[in-house]
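The values are calculated or read from the model by the stated rules, or taken from the named source; none is laboratory data. Just so we're clear, the structure is a prediction, and the values are computed from it rather than from any experiment. When we count neighbours, we look across all protein chains shown, and the Cβ atoms used for this are built from the backbone with ideal geometry, even at glycine. Surface accessibility is based on the protein's heavy atoms, side chains included, excluding ligands, DNA and RNA. Shrake-Rupley method; radii C 1.70, N 1.55, O 1.52, S 1.80 Å.
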Amino acid sequence: MENIVEGPVVSELPDQAAAPAKLLPVAELHLHIEGTLEPELIFALAERNGIDLPYPGLDELRRRYQFTDLQSFLDLYYANMAVLQTEQDFADMTRAYLERAALAGVRHAEIMMDPQAHVSRGIPLETCVNGVASVLATSVEDYGISTILIAAFLRDLPEDSALEVLEALLAMGAPIGAVGLDSAEVGNPPAKFERVFARAREAGLRLTAHAGEEGPPSYIIEALDVLGVERIDHGIRCMEDPGLVERLVDARTPLTVCPLSNVRLRTVDTLADHPLPAMLAAGLNVSVNSDDPAYFGGYVDDNFAQLQAVFELSDFDRARLAANSVHSSFASEERKAQLLDELNGL
Ligand code: ADE
Ligand code: ZN
């Protein structure tokens with residue numbers, strides 16, 4: 001594979017539709033750890049914790065994975081978190097993700113968790129943070145994946161709730177590297193969280209936020225201008241605002257795109273309608289991510305495989321997406337260089 005230069009470009013090589021896609025080393029930058037709870041693990045944890053689920057079996061649960069929009073998914077996503085009770089539960093979920101991610105070619109993962117979704121149902125902050133962090137602490141040795149934990153705040157709750165949890169995380173010395181903003185987007189614009197992001201920046205944390213998933217392009221602008229985020233999660237609706245696209249291209253702002261998620265949440269009708277090729281063609285700094293892989297039909301490798309099947313991405317475009325993921329990560333410069341060397345050596 002040829003050397004990868006900095007900056008997103010679109011290949012003019014002939015497409016590689018006939019060749020099976022090679023697994024590339026990638027950084028996964030948009031992943032909710034609670035969205036990796038596979039149905040089998042949900043039932044196993046429910047049994048271990050003596051929790052009655054409102055569905056008698058796997059098939060009945062799987063039948064609920066027909067989402068009409070973001071909120072219809074969030075309702076099930078939050079309900080299923082009831083099975084997460086102990087540090088061991090959080091650790092088991094994290095181990096299962098890393099094991100699967102390693103098979104998908106993930107070499108660096110920035111993992112969001114939703115502390116408020118656990119604290120609000122009576123789980124101590126230490127239980128969820130320490131359960132996930134205990135596994136991330138040895139992720140390089142155990143899975144070959146470097147990791148960063150991101151505390152994501154629920155934008156449909158008041159800002160004071162997020163501030164309180166952020167202060168508690170800082171007070172306990174939680175090993176978080178960044179903060180994020182997720183949950184129901186429309187009606188909860190980024191500016192609502194100005195104080196939270198200012199405090200996180202002051203504490204030396206990196207900043208990212210979901211914007212432009214279901215919400216309008218103005219939410220992306222607000223996340224950049226008011227929150228000062230370095231990265232936008234999703235961001236696909238930027239394509240409705242040419243001036244914003246130009247700004248994002250000029251600044252090389254990373255957009256962590258999640259194609260299968262967008263299809264399952266009906267943000268786009270089918271994968272063939274997804275704006276990813278247009279985003280690449282526009283010169284946007286996009287990467288491919290799985291969001292909530294247990295709910296949306298696939299991990300990063302599945303996202304790449306289905307994109308490949310529909311759009312016949314060239315090897316060069318796939319390498320570009322992988323390189324973008326590394327450049328856009330919050331990893332150390334040393335780790336980024338290692339991963340880029342790996343990519344260039346293919
Ligand atoms: N929380 C988990 N997945 C999410 C998504 N796709 N959008 C917003 N919040 C989320
Ligand atoms: Zn997300």
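Measure off 7 Å from each Cα along the Cα-to-Cβ vector at Leu103 and Glu38, then give the distance between these two points in nanometres to one decimal.
It is 0.6 nm.
Convert each backbone phi in region 88-101 into a coupling constant with the Karplus relation 6.51 cos²θ - 1.76 cosθ + 1.60 (shift: θ = phi - 60°), then list the ³J(HN,Hα) values in order as whole Hz, x for Gly and Pro.
4, 4, 5, 5, 4, 4, 5, 4, 4, 5, 5, 4, 6, 5
Could you list log10 I(q)/I(0) for the chain at q = 0.07, 0.12 Å⁻¹, which the Debye formula gives when each Cα is one point scatterer?
After summing over all Cα pairs, the log10 values are -0.26, -0.82.
Can you give the accessible area of Lys22 in Å² (nearest 10), computed on protein heavy atoms with a 1.4 Å probe?
110
Under 8 Å for C-alpha pairs, at least 6 residues apart: give me the relative contact order for the chain, rounded to a whole percent.
Computed over the chain, the figure is 25 percent.
Below 8 Å between Cα atoms, with a sequence gap of 6+, how large is the relative contact order for region 141-260 in percent? If you can, show how the numbers build up before the last one.
Details: 188 pairs, mean separation 24.5, N = 120.
RCO, region 141-260: 20 percent.
With a 1.4 Å probe and all protein chains in place, put Ser120, Ser139 in order of accessible area, largest first.
On the way: Ser120 95, Ser139 0 Å².
If we order Ser120, Ser139 from most to least accessible, we get Ser120, Ser139.
What angle do you read, to the nearest 10 degrees and between 0 and 90, between the alpha-carbon axis of helix 70-80 and the longest principal axis of the chain?
Once rounded, one gets 40 degrees.
Using the Cα centre of region 22-344 as origin and beta-carbon charges of +1 (Lys, Arg) and -1 (Asp, Glu), tell me which of Val179, Ala27, Asn303 is placed farthest towards the positive end of the dipole.
Ala27
Rg and Dmax in Å for region 243-321, alpha carbons only: what are they?
Calculated on Cα positions, Rg and Dmax stand at 12.3, 35 Å.
Considering only protein heavy atoms, what is the solvent-accessible area of Arg335 at a probe of 1.4 Å, reported in Å² to the nearest 10?
Per-residue accessible area (Arg335): approximately 40 Å².
Using the beta-carbon distance between Glu167 and Ala272 and R0 = 56 Å, what value does 1/(1 + (r/R0)^6) give for FRET efficiency, to the nearest 0.05? Before the final figure, lay out each step's value.
Working: r = 46 Å, r/R0 = 0.82.
Given R0 = 56 Å and the Cβ-Cβ separation, E is 0.75.
Can you give the accessible area of Asp250 in Å² (nearest 10), computed on protein heavy atoms with a 1.4 Å probe?
It works out to around 120 Å².
Taking the Cβ-Cβ separation of Tyr78 and Asp160 as r and a Förster radius of 25 Å, what is the calculated FRET efficiency to the nearest 0.05? Please report the intermediate quantities before stating the final value.
On the way: r = 20 Å, r/R0 = 0.80.
E between Tyr78 and Asp160, to the nearest 0.05, is 0.80.
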